[in-house]
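Q: Quick one: the structure is below, questions incoming.
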Protein chains: 4
Amino acid sequence: MTAPRVPVELREFPEPDLPSGGALLRTAMSEVCGTDVHLWHGRLSGVPYPIIPGHVTTGTLDKARGELKDVEGRPLKEGDRLAFFDVHRTCGKCLACTAHRTPTRCPSRRVYGITDSATEGLYGGWAQKVYLEPGVIIAKLPDAVTFADYIGGGCGLLTSVHIIERAKITLGDTVVVQGAGAVGMSAAALAKKAGAGLVVLIGGPASRLDLAHRMGADVVIDLDSTTPAARLAQVMDLTNNIGADIVIEAAGSPRAFEEGLGFARNGGAYVIAGHYTNTGDSTINAHEHINRKHLDIRGCWGSEVGHFLRALRVLDEYRESVPWHEIGAKTYGLTQINDALAMAESMVIPKALIDPSA
Amino acid sequence: MTAPRVPVELREFPEPDLPSGGALLRTAMSEVCGTDVHLWHGRLSGVPYPIIPGHVTTGTLDKARGELKDVEGRPLKEGDRLAFFDVHRTCGKCLACTAHRTPTRCPSRRVYGITDSATEGLYGGWAQKVYLEPGVIIAKLPDAVTFADYIGGGCGLLTSVHIIERAKITLGDTVVVQGAGAVGMSAAALAKKAGAGLVVLIGGPASRLDLAHRMGADVVIDLDSTTPAARLAQVMDLTNNIGADIVIEAAGSPRAFEEGLGFARNGGAYVIAGHYTNTGDSTINAHEHINRKHLDIRGCWGSEVGHFLRALRVLDEYRESVPWHEIGAKTYGLTQINDALAMAESMVIPKALIDPSA
Amino acid sequence: MTAPRVPVELREFPEPDLPSGGALLRTAMSEVCGTDVHLWHGRLSGVPYPIIPGHVTTGTLDKARGELKDVEGRPLKEGDRLAFFDVHRTCGKCLACTAHRTPTRCPSRRVYGITDSATEGLYGGWAQKVYLEPGVIIAKLPDAVTFADYIGGGCGLLTSVHIIERAKITLGDTVVVQGAGAVGMSAAALAKKAGAGLVVLIGGPASRLDLAHRMGADVVIDLDSTTPAARLAQVMDLTNNIGADIVIEAAGSPRAFEEGLGFARNGGAYVIAGHYTNTGDSTINAHEHINRKHLDIRGCWGSEVGHFLRALRVLDEYRESVPWHEIGAKTYGLTQINDALAMAESMVIPKALIDPSA
Amino acid sequence: MTAPRVPVELREFPEPDLPSGGALLRTAMSEVCGTDVHLWHGRLSGVPYPIIPGHVTTGTLDKARGELKDVEGRPLKEGDRLAFFDVHRTCGKCLACTAHRTPTRCPSRRVYGITDSATEGLYGGWAQKVYLEPGVIIAKLPDAVTFADYIGGGCGLLTSVHIIERAKITLGDTVVVQGAGAVGMSAAALAKKAGAGLVVLIGGPASRLDLAHRMGADVVIDLDSTTPAARLAQVMDLTNNIGADIVIEAAGSPRAFEEGLGFARNGGAYVIAGHYTNTGDSTINAHEHINRKHLDIRGCWGSEVGHFLRALRVLDEYRESVPWHEIGAKTYGLTQINDALAMAESMVIPKALIDPSA
């Protein structure tokens, strides 16, 4: 991706010399996520184009210089099926990393496929090989988890693990999820697995809602064919006029934020996790929606190493009952990347995958 | 108070027959708070006019039928200097009281001076005697706490104890308080006493800011003589461009809410406690102010028994270093109540007091 | 039950006159739980023998005086299948109920089947009818939940809902449960449903472990055929030598508490919920087990209204995948109560049920 | 310190070549803390004798290679008065650092004055100069904070900042602190500054209790002249028979842990922070002290960068009202180090200081 709004080009790079502790991953699968569409639209600031997109990626260990270990200290060998945490160079020293315990806000934070220029190396998954620099957090995929499971979950799954941590679901809670993208679908699945009693997902297009239901939403509401008033009435009806214990915003729309405040019960919680870019302002009433409701609103940015590791445990545990692999609805080869981007932009399918060997 | 916008009348009521467990308080002092002004403006719904206003009130035990005990089970006797928790009949049975642990949202909740008609009895402090119905939570004023200390703190102090609980201040935190009314002043005082390192209070009119400083604010910023940009710049300058750890909204203005979001640091917290009535909508950006900041916003409604009891401990502990008695800037007799209301409405002084024997 | 260690007698009582708001429940099922065995052994102090045992009980509404409503305000009618919260008269006024937010420690707390003498009324479930005094928290059984599901869960399920709240499980956590009684089995089930990745249950006798496995434990360890060292080795092996994220003590043995401290990882949590009576002292090392481990130990006493309501939601949600009805392994009529007690005492089965119409 | 129980020797080392990002501190003051006595007794495992003891140390910047910055990114210059976080090389990658959010349990964690051999460099404060390796967290001492203030607080202050975070004090709480050493004294001071209403410190020898009182304890109890029963009676008397909201163990004795469990109220919290070495087992009753009390026990190990930074803010804020400099009761030169160790071992004074230029 050489610049915003310009077709992505295929380029060849020499295989890098590995420093001690560095490694190469042979890419099995990467994804086209909403962030990639934002990158292509030029909506993220400070991106050092040209870049190799593809932040969450999986594959096999091609080669390593020195002994490579996973995050729990177990040695890795060539051919191992790996995932790695796409956020690297979090400094561990700044206020965000230490005193504030918010490493996702570390100013030094770098993310594969987004913040590293192609001139610096193979830092993106839309490529046959990915450079794993020393210090990158690496884990083996559990034996039963396929590449398609992992990439189907992808960055949306990691984000959702963080969302669920912030949501603090208690057994039997009613949870409303706004958004039927990769984040919303995983959030609905994980809310259910974390003990929610009733999960309601609101989103569109309608073609996605069957999958949302199979992911774990007990009730799905089609955003396009309902009015805000009808949706509010339905949520109140489902909760005996009390409102939802937890609302999760994974839609990225100012209107969704305004609407979600109405779904939450007094003393409930609302996690805001869909606004990764600025899509405009919301108009809300602090008296009605926050103060009198005694409401908690919790922003949720990015994901940490712990969320990455838990995502792997989650896939291992629930891959049979949650069809993550179906989120990655269609797979494209490197020569079809612009088609994949167009498909992701159109939102017709939840997610397009990239298989560099296809 | 027979109706909104009509001068308050003086009426005589017969002394009530006390049921078992009931008592009469001889009023020493009550207050005119912002809620009373709202009552007079008719901005609260469902108020059963005529009412006897005055929700937070103190005095001496006049008489009791049967043995009266304080909340810790210690017997009370006539002449004891008492405070009582103005919220009564919280049901203890509904979802808000039990499963949701938000008793301030109990639908059965009644509040002295607000929700009980004068036709039902002496349920307000702007009177020589107040009826303490069976079950009302009563506590002795600590010996060193004067009536003026207690009423100077008043409902704003109770609210502030709750605010500080929600704020979860850590030693050394920088706290910005928005609002120089009775709530804002107590919140600034308590933030400091709860371990805040730097407390910045933004409010007006300028005449109040000296008291705000003596209450505990290290830095006071005059709302009327500064621009939003200048205030933001000052907060960022005071925090090495990081922003405040905690922001407390006690201003009740939609603009204050919009502005406060900018003061908070990444991963910080913002407590919304000033919007007790609807003063209009705010326009905010969910991406910039909540999601990317990984911010916690916490509504804070009313106060619980525990906050009332802690308020008494707080007064006992800090009355020498915090001039709560100065918040109650002027005292009025029963015949001057309309003057007192006018003074409270004008916001010239932080709080007008009522002394029924004056 | 007229006195400890004396056979339980069958007595007839006149049907009570109902006060306004009072009701009678026609008992469908009650249970014999560990507390009933303690009652019979005389190990609880202050019990006003004679009592009608049976604290958690379910049945149909026989009659009510005045309109009876459930906790969410919906009217109830004769024949409705009901559950009620066995803890009544929690005062809602004392420090425990208010400031400390620990209503299970309210000194006024009364519990059906334990604290109310048979001379006061039908306050126990080992009877054809149970008096529901005004103010008792009542809920309809969800349509799909059978009496056997509800009583199979019983008080152990309510306790477990509280345990899981205290445990604060995060998705993917490894949880070790100590104890294969009604509490341990429900705790294992709920830990799994609340998102635990691996649940290990340690207990006995071996005959219960198959049910424990079907309740949700991924791994079951037979207490009787293993050594403490072997159990520790197994837990460490299952966790890559890190230890369990969460340990739940539901065994009630001083040795279990000592052993459980070793299972927890650094920074983990240990919930103590099995010591409802004093079974002796434990010897532990504060350096090794608490301070250096940076461990959280959380006592968990009784259950609150919210846990009761969540238990009903939990049964509705998971009754198909969790065989709660099997915990109540055998059902006895009123004439067989002493057999039921003997069976419960022997611990051969997880729980004996009482069906007064059998 | 060449080996346990052998007099400490004075040695000269060449000034090191600084790598890029490295620096030298000219030592102004270091301390002899309880850990140093443990080091000298050989009670810590894996210590690479010979070592240069002295973990918390302060002084001025002597020289730096490259631009040296503080933790908030502000440049430092020669002569600046500095403190540095004695814990270095926490990896930021392992489970403890990431997923578990317990960096004080990182296996790679190194601590100045304890874990680094003198053969590796100037890694201890009992020396004229200290090597600040690249990546060490450095902060300027606030202008008003003297070296004696900082070292008087020392490691006990950092530990106490962590303790107070774990204690989660609410305004007005009653806090009991066990121990009159450097940790106990700072914990009492900070509990008070964090909003505790009544702080009771139990410790000895009696000669320290006057300082404990001036540090912030409202009530001091002499451990040596009272019985456990008398102490319990006094705590219950001070709390109207309810017990303390928070108990802090900073005594390091198995008996203190046993005793402290009795001081805590139902639903209270007990922070265990004094058991840095194994001083033997405690015998406790899980029913009486944990389960029925619904108690939280929280181990507290080491301190994090955030605690170091907050300690500096705390010193800046409270140095006038809390006599931290008096904890460092006596100062010794490098030639008197064995006297200083003997004095620390005898526990006659709370802390001995080391001034290498004296």
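The values are calculated or read from the model by the stated rules, or taken from the named source; none is laboratory data. Not measured: the values here are computed from a predicted model. Counting neighbours? That spans all protein chains shown, and the Cβs are built from the backbone with ideal geometry, glycine included. Keep in mind that these areas ignore ligands, DNA and RNA; they rest on the heavy atoms of the full protein, side chains included. Shrake-Rupley method; radii C 1.70, N 1.55, O 1.52, S 1.80 Å.
Q: Go through the stretch D:179-213 and report how many residues are in contact with an Asp or Glu (Cβ under 7 Å, 6 or more places away or on another chain), open to solvent by 30 Å² or more (accessible area, probe 1.4 Å) and at pLDDT below 95.
A: Looking only at that region, the number is 2.
Q: Quick test of your reading of the structure: A:H289 fulfils all but one of (1) under 24 Å from B:L95 (Cβ atoms); (2) in contact with a strand residue (DSSP E or B) (Cβ under 7 Å, 6 or more places away or on another chain). Name the failing condition by number.
A: Evaluating A:H289 over (1) under 24 Å from B:L95 (Cβ atoms); (2) in contact with a strand residue (DSSP E or B) (Cβ under 7 Å, 6 or more places away or on another chain) leaves (2) as the failure.
Q: Does the stretch A:236-267 hold any residues that are farther than 16 Å from A:K293 by Cα and not polar (S, T, N, Q), and which are they?
A: A:D237, A:L238, A:I248, A:E249, A:A250, A:A251, A:G252, A:P254, A:R255, A:A256
Q: Quick check on this structure: which one of A:G243, A:G216, A:G280 is open to solvent by less than 10 Å² (accessible area, probe 1.4 Å), of a type outside the set (A, V, I, L, M, F, W, C) and either within 12 Å of chain B (Cβ to nearest Cβ) or touching a residue at least 24 places away in the same chain (Cβ under 8 Å) (or both)?
A: Going through A:G243, A:G216, A:G280 in turn, the sole match is A:G243.
Q: I'd like the full set of residues that are under 22 Å from A:L312 (Cα atoms) and either of a type in the set (G, A, S) or out of contact with any Gly (no Cβ under 7 Å at 6 or more places or on another chain) (or both), limited to the stretch A:58-75.
A: Listed by number, the residues that qualify are A:T58, A:G59, A:D62, A:L68, A:K69, A:D70, A:V71, A:E72, A:G73, A:R74, A:P75.
Q: Separate question: Restricting to the stretch C:55-71, name every residue that is surrounded by 15 or more Cβ atoms within 10 Å (Cβ to Cβ) and either within 14 Å of chain A (Cβ to nearest Cβ) or aliphatic (A, V, I, L, M) (or both).
A: C:V56, C:L61, C:A64, C:L68, C:D70, C:V71
Q: Among residues belonging to the stretch D:72-87 that are open to solvent by 50 Å² or more (accessible area, probe 1.4 Å) and either within 14 Å of chain A (Cβ to nearest Cβ) or within 22 Å of A:H100 (Cα to Cα) (or both), point out the one that is nearest to the chain's Cα centre (by Cα).
A: Going through the qualifying residues, I end up with D:E72.
Q: Tally time: how many residues in the stretch C:192-218 are farther than 23 Å from A:L190 by Cα and of a type in the set (A, V, I, L, M, F, W, C)?
A: Matching residues across the stretch C:192-218 total 6.
Q: Still on this model: Could you tell me whether D:P50 is open to solvent by 50 Å² or more (accessible area, probe 1.4 Å) and not polar (S, T, N, Q)?
A: No.
Q: Could you list, in sequence order, all residues of the stretch B:225-240 that are touching a Gly at 6+ places or on another chain (Cβ under 8 Å) and open to solvent by less than 30 Å² (accessible area, probe 1.4 Å)?
A: Result: B:V235, single match.
Okay, residues lined up against (1) at pLDDT 95 or above; (2) at positive phi:
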residue: A:F257; (1), (2): yes, no
residue: A:G262; (1), (2): yes, no
residue: A:N266; (1), (2): yes, no
residue: A:Y270; (1), (2): yes, no
residue: A:Y276; (1), (2): no, no
residue: A:G280; (1), (2): yes, yes
residue: A:I290; (1), (2): yes, no
residue: A:H294; (1), (2): yes, yes
residue: A:I297; (1), (2): yes, no
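Q: Taking the options C:T104, C:T60, C:T119, C:T115, name whichever one is polar (S, T, N, Q), in contact (Cβ under 8 Å) with a residue 24 or more places away in the chain and within 22 Å of C:S186 (Cα to Cα).
A: After applying the criteria, what remains is C:T104.
Q: So which of D:T90, D:T98, D:T104 ends up being assigned to a helix (DSSP H, G or I), surrounded by 18 or more Cβ atoms within 10 Å (Cβ to Cβ), on the phi < 0 side of the Ramachandran plot and within 14 Å of chain A (Cβ to nearest Cβ)?
A: D:T104
Q: Kindly check whether there is at least one residue in the stretch A:162-178 that is in a helix (DSSP H, G or I), buried (at least 24 other Cβ atoms within 10 Å of the Cβ) and more than 13 Å from the chain's Cα centre (by Cα).
A: Yes, because at least one residue in the stretch A:162-178 is in a helix (DSSP H, G or I), buried (at least 24 other Cβ atoms within 10 Å of the Cβ) and more than 13 Å from the chain's Cα centre (by Cα).
Q: Could I ask something else about it? If I filter the stretch C:17-41 down to residues being open to solvent by 40 Å² or more (accessible area, probe 1.4 Å) and in a loop (DSSP other than H, G, I, E, B), which single residue comes out as farthest from C:T335 (Cα to Cα)?
A: C:S20
Q: What number of residues within the stretch D:258-273 are touching a helix residue (DSSP H, G or I) at 6+ places or on another chain (Cβ under 7 Å) and either among the acidic types (D, E) or farther than 26 Å from C:R101 by Cβ (or both)?
A: Qualifying residue count for the region: 1.
Q: Additional query: Hey, can you tell me all the residues within the stretch D:306-315 that are within 14 Å of chain A (Cβ to nearest Cβ) and closer than 17 Å to D:G154 by Cβ?
A: Scanning the stretch D:306-315 gives D:H307, D:F308, D:L309, D:R310, D:A311, D:L312, D:R313, D:V314.
Q: Being at the interface with another protein chain (Cβ under 7 Å from one of its Cβ atoms) and either in a loop (DSSP other than H, G, I, E, B) or surrounded by fewer than 22 Cβ atoms within 10 Å (Cβ to Cβ) (or both) is the filter here; which residues of the stretch C:252-275 pass it?
A: Residues satisfying the conditions are C:P254, C:N266, C:A273, C:H275.
Q: If I filter the stretch D:316-333 down to residues being more than 21 Å from D:G179 (Cβ to Cβ) and open to solvent by less than 30 Å² (accessible area, probe 1.4 Å), which single residue comes out as farthest from the chain's Cα centre (by Cα)?
A: D:G333
Q: Next up: Name the residue that is least open to solvent (accessible area, probe 1.4 Å), counting only residues in the stretch A:135-161 that are within 11 Å of chain C (Cβ to nearest Cβ) and of a type outside the set (A, V, I, L, M, F, W, C).
A: If we take residues in the stretch A:135-161 being within 11 Å of chain C (Cβ to nearest Cβ) and of a type outside the set (A, V, I, L, M, F, W, C), then A:S160 is least open to solvent (accessible area, probe 1.4 Å).
Q: Do any residues in the stretch D:35-46 that are in contact (Cβ under 8 Å) with a residue 40 or more places away in the chain and more than 15 Å from D:T279 (Cβ to Cβ) have Cβ atoms under 7 Å from those of residues that are in a loop (DSSP other than H, G, I, E, B) and of a type in the set (A, V, I, L, M, F, W, C), where the two are at least six apart or on different chains, and which pairs are they?
A: Taking only residues 6 or more apart or on different chains, the pairs are D:L39/D:M1; D:L39/D:V47; D:L39/D:I114; D:W40/D:M1.
Q: Is one or more of the residues making up the stretch A:121-135 within 21 Å of A:G299 (Cβ to Cβ) and at pLDDT below 95?
A: no
Q: Here's something else I'd like to know. Look through the stretch D:286-305, keep the residues that are open to solvent by 10 Å² or more (accessible area, probe 1.4 Å), within 7 Å of another protein chain (Cβ to nearest Cβ) and outside any strand (DSSP E or B), and return whichever of them is nearest to D:A250 (Cα to Cα).
A: The qualifying residue nearest to D:A250 (Cα to Cα) is D:W301.
Q: Identify all residues within the stretch A:348-358 that are within 27 Å of A:L190 (Cα to Cα) and surrounded by 15 or more Cβ atoms within 10 Å (Cβ to Cβ); write none if there are none.
A: Residues satisfying the conditions are A:I349, A:P350, A:K351, A:A352, A:L353, A:I354, A:D355.
Q: Out of the residues in the stretch A:222-240 meeting the condition of being at pLDDT 95 or above and in a loop (DSSP other than H, G, I, E, B), tell me which one is nearest to the other protein chains (Cβ to nearest Cβ).
A: A:T239
Q: Which numbered condition in (1) within 14 Å of another protein chain (Cβ to nearest Cβ); (2) touching a residue at least 12 places away in the same chain (Cβ under 8 Å); (3) surrounded by fewer than 24 Cβ atoms within 10 Å (Cβ to Cβ) is the only one that B:N338 fails?
A: All conditions are met except number (1).
Q: Next question. Looking at the structure I just gave you, is C:D173 more than 10 Å from every other protein chain (Cβ to nearest Cβ) and of a type in the set (D, E)?
A: no
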